[in-house]
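Have a look at the structure below before the remarks.
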Amino acid sequence: MLNQEVFRSYLPYINGMLVLQLLFSASKLVFRKWTYPVATANLILNVLSFVLLWFILQDTAILNPELVTKIGEAADGQRVLNTAFNSIKAVFLFIFLLDSFEGFHDAYKNSKKPA
């Protein structure tokens, strides 16, 4: 389904984001509760992840050329691809927004608790 050569060109960036997410997850074990700095770091990672996803999905060469040809032969092939990519972006945007909101909500709740 994916063009392996193009996908491999994105692997360093994908791996970099995975390392950052892993470091962030490990830091949550140290801090043990959500604070505003932790929530802000989470927001930054979510924005970076979404920007990476956006750039990957803007590159139509990411798909296998044979698949693109088959889809393109359909009456509305290009519209189908655009709709699919936009749907994926919307789903991930919703997930990242929900995760960021939850982080700030937890930080707010933790800031109201007595030390």
> With every protein chain left in place, what is the accessible area of Y13 in Å² (1.4 Å probe, nearest 10)?
Replying inline: 140
> Any idea of I44's accessible area? Nearest 10 Å², probe 1.4 Å.
Replying inline: 90
>> Using a 1.4 angstrom probe on the protein heavy atoms only, could you order L52, L98 from most to least accessible area?
In response: L98, L52
> Rounded to the nearest 10 Å², what accessible area does V80 show when all protein chains are kept and the probe is 1.4 Å?
Replying inline: 80
> Around E66, with a cut-off of 14 angstrom between Cβ atoms, what is the net charge of the other residues, counting Lys and Arg +1 and Asp and Glu -1?
Replying inline: -1
>> Accessible area of the chain with a 1.4 Å probe: how many percent of it is carbon plus sulfur?
In response: 69
>> Under the rule of at least 5 residues apart or a separate chain, name every residue whose amide H is placed under 5 Å from the amide H of N64.
In response: L2, N3
> Helix by helix, which DSSP H runs in the chain go 15 Å or more along their axis at the Cα atoms and have an average Kyte-Doolittle hydropathy of 0.0 or more?
Replying inline: 4-31, 36-58, 77-112
>> Connecting C-alpha atoms closer than 10 Å in a GNM of the chain, tell me which of T35, T60, T69 has the biggest fluctuation.
In response: T69
> Where the Cα atoms of the chain are projected onto their three principal axes, how long is each span, largest first, in whole Å?
Replying inline: 64, 27, 15
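The values are calculated or read from the model by the stated rules, or taken from the named source; none is laboratory data. Remember, predicted model here, so these are calculated numbers, not experimental data. Cβ coordinates were reconstructed from backbone atoms using ideal geometry, including for glycine residues, and neighbour counts include every protein chain displayed. Only protein heavy atoms, including side chains, enter the accessible area calculation; ligands, DNA and RNA are left aside. Shrake-Rupley method; radii C 1.70, N 1.55, O 1.52, S 1.80 Å.
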